[in-house]
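Below: one structure, written as structure tokens.
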Amino acid sequence: MERITLMAKREKTPHEIFAEKFVSELQPKTVEDVKEGLKSIFGPIFESMLKGELAAHLGYDSNDHNPKATTNRRNGSNKKTLKSSPCTVKT
């Protein structure tokens, strides 16, 4: 009797899932399309990272109205331009 071995399907990594969504949503046709697509997501990614870094530094999240253990406060934000090797991104 023959034995059939079934291989388990490998789960996709978060990077692979992201890449598939990126391509299906933006449908880039050229390298320039890919660069523009990446440029459009770098801003929100960096903005989110900077907000997280500030929350970790201050010890509280934005719009947290509870008493604070520090005198450091958020006092607004300004537009920023980040220069990276792939592109320049405005946040």
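The values are calculated or read from the model by the stated rules, or taken from the named source; none is laboratory data. Since the structure is predicted, the reported quantities are computational estimates derived from the model, not experimental observations. When we count neighbours, we look across all protein chains shown, and the Cβ atoms used for this are built from the backbone with ideal geometry, even at glycine.
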Original post:
Which residues, taken from the range 10-35, are surrounded by 11 or more Cβ atoms within 10 Å (Cβ to Cβ) and modelled with pLDDT of 90 or more?
Top reply: Lys12, Glu16, Ile17, Phe18, Ala19, Glu20, Phe22, Val23, Leu26, Pro28, Asp33, Val34
Subject >> Unmet criterion (only one of (1) in a loop (DSSP other than H, G, I, E, B); (2) over 24 Å from Ser84 (Cα atoms)) for Lys29 >> reply: (2)
Subject >> Filter result (of a type in the set (A, V, I, L, M) and either outside any helix (DSSP H, G or I) or within 25 Å of Lys79 (Cβ to Cβ) (or both)) within the range 9-26 >> reply: Leu26
**OP:** Return the residue satisfying two criteria in turn: it lies in the range 48-82 and is of a type in the set (Gly, Ala, Ser) and within 19 Å of the chain's Cα centre (by Cα), and of such residues it is modelled with the lowest pLDDT.
**Re:** Ser62
Original post:
Among the residues of the range 55-77, is any in a helix (DSSP H, G or I) and surrounded by 12 or more Cβ atoms within 10 Å (Cβ to Cβ)?
Top reply: yes
